[in-house]
Amino acid sequence: MGLVKLIICFSFFLLIFDVPCTAVYSPNYQEYDPAQRYGPRRPVGQEQSPYGRGYMENRQLSYNRPEGVNFEDSRILDEQPTSRQYLIREHETVSDKQRHKCRFWVPPEVVDKYPNATITQVDNKNRLSMIEACCTGYSTIRLLGVTVCRPKCGCQNGSCRAPGECECYEGFVRNDNGDCVFACPLGCQNGRCYLDGSCQCDPGYKLDESRRFCRPICSNGCGSSTRHNCTEPEVCGCSKGYQLTDDGCQPVCDPECGIGGLCKDNNKCDCGSGYNLKDGVCQADCYQRCYNGICVSRNRCICDPGFTYHEQSSMCVPI
């Protein structure tokens, strides 16, 4: 009975003096987002966004897309340099342009190295089989029982429109390096987004002409050559497709043009005497077929990565 009286008295004491029984912790969510990528209001004096204000009265950190605004990248896609890995080879004959199918000769023992290929002709005398498969630059998939050839391009945040050509997804934009990066309201590279869909750049950066991503500022410029580019604030480097050498920014060819050629521009070779441009590389005339390889001299064939030399057919076949 004494214990009950003690509990009642203690409860009455807490009620009179308004003492909380438990401590309630209200987390500060800003500590979980130190970057604070989104700002509720634009700074005073900053230029108003062409997308309109679009603010919410209670300043919730959410975004209402303004009506009539097209967030697709309206700029024409620049043609990307065609690397050799995407080029249709001279020994391939396009048999179905719509489906990106090609026909070419291979030794019969390597037919199964080509996914979902079909044999269309057999040459018993030379022990070769003509197959129809996806052209170089395309990968093979099976869709509802049908072989589909899809382009390859190693694209991030986008889809392959053609071999080596990337188209950015909605909400992304192509920057000066040709990469697909976040655009507001998803994000802003080297800056932060505001609720009206605009981007404010970090110090040392400025908005590009499309006002969708931030590029670095070099106060003194980087010269008139298109090979030079402002890669970081106050730092001049080489544009994509060029590398810095003792002679300045020089073009890069992938693969190299070989001993018989000179890289004149990004993935463009100028061949010397006795060499011809074949499959994107300056090659010598040799007696081997050297399919999927490079003839560096009349009697020497170097196979591409992923291929090995087949002595009987003088071709390079998949490993």
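Annotation: of all residues in region 167-199 being touching a residue at least 60 places away in the same chain (Cβ under 8 Å) and part of a strand (DSSP E or B), the one that is nearest to residue 241 (Cα to Cα) is 174. Listed conditions (1) touching an Asp or Glu at 6+ places or on another chain (Cβ under 7 Å); (2) closer than 30 Å to residue 211 by Cβ; (3) modelled with pLDDT of 85 or more are all met by residue 135, apart from (2). Considering only residues of region 90-127 that are touching a residue at least 24 places away in the same chain (Cβ under 8 Å) and hydrophobic (A, V, I, L, M, F, W, C), which is farthest from residue 163 (Cα to Cα)? Per the criteria, the residue is 110.
Restrict the check to region 222-231 and report whether at least one residue is free of Cβ contacts under 8 Å to residues at least 12 places away in the same chain, of a type in the set (Gly, Ala, Ser), out of contact with any helix residue (DSSP H, G or I) (no Cβ under 8 Å at 6 or more places or on another chain) and part of a loop (DSSP other than H, G, I, E, B). Yes, some residue in region 222-231 is free of Cβ contacts under 8 Å to residues at least 12 places away in the same chain, of a type in the set (Gly, Ala, Ser), out of contact with any helix residue (DSSP H, G or I) (no Cβ under 8 Å at 6 or more places or on another chain) and part of a loop (DSSP other than H, G, I, E, B).
Residue 169 meets the conditions (1) more than 29 Å from residue 141 (Cβ to Cβ); (2) among the aromatic types (Phe, Trp, Tyr); (3) surrounded by fewer than 19 Cβ atoms within 10 Å (Cβ to Cβ) in every case but one. The failed one is (1). When region 129-164 is filtered for residues that are assigned to a strand (DSSP E or B), touching a residue at least 40 places away in the same chain (Cβ under 8 Å) and buried (at least 18 other Cβ atoms within 10 Å of the Cβ), the ones remaining, listed by number, are 149, 151.
So that you can scan it fast, the table gives a plain yes or no per residue for (1) under 29 Å from residue 241 (Cβ atoms); (2) part of a strand (DSSP E or B); (3) free of Cβ contacts under 8 Å to residues at least 40 places away in the same chain:
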{"residue": "264", "(1), (2), (3)": "yes, yes, yes"}
{"residue": "270", "(1), (2), (3)": "yes, yes, yes"}
{"residue": "273", "(1), (2), (3)": "yes, no, yes"}
{"residue": "283", "(1), (2), (3)": "yes, yes, yes"}
{"residue": "291", "(1), (2), (3)": "yes, no, no"}
{"residue": "294", "(1), (2), (3)": "yes, yes, yes"}
{"residue": "302", "(1), (2), (3)": "yes, yes, yes"}
{"residue": "313", "(1), (2), (3)": "no, no, no"}
{"residue": "316", "(1), (2), (3)": "yes, yes, yes"}
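For region 239-255, the set of residues classified as in contact (Cβ under 8 Å) with a residue 12 or more places away in the chain and on the phi < 0 side of the Ramachandran plot consists of 239, 240, 242, 249, 250, 251, 252, 253, 254, 255, listed by residue number.
The residue of region 298-315 that is surrounded by the most Cβ atoms within 10 Å (Cβ to Cβ), among those that are touching a strand residue (DSSP E or B) at 6+ places or on another chain (Cβ under 9 Å) and under 17 Å from residue 255 (Cα atoms), is 301. Is it fair to say residue 216 is in contact (Cβ under 8 Å) with a residue 24 or more places away in the chain, on the phi < 0 side of the Ramachandran plot and crowded, with 17+ Cβ neighbours inside 10 Å? For residue 216, the condition - in contact (Cβ under 8 Å) with a residue 24 or more places away in the chain, on the phi < 0 side of the Ramachandran plot and crowded, with 17+ Cβ neighbours inside 10 Å - is met. Checked against the criterion of being basic (Lys, Arg), farther than 15 Å from residue 292 by Cβ and not in a loop (DSSP other than H, G, I, E, B), region 88-101 has at least one qualifying residue.
Only one of the numbered conditions (1) farther than 26 Å from residue 155 by Cα; (2) at pLDDT below 85 is not met by residue 202, and that is (2). Screening residue 253 on (1) over 30 Å from residue 279 (Cα atoms); (2) within 20 Å of the chain's Cα centre (by Cα); (3) assigned to a loop (DSSP other than H, G, I, E, B) shows it passes everything except condition (1).
The values are calculated or read from the model by the stated rules, or taken from the named source; none is laboratory data. Predicted model, so just to flag it, every value in this text is computed and none were measured. All Cβ positions, glycine included, derive from the backbone under ideal geometry; neighbour counts span all protein chains shown.
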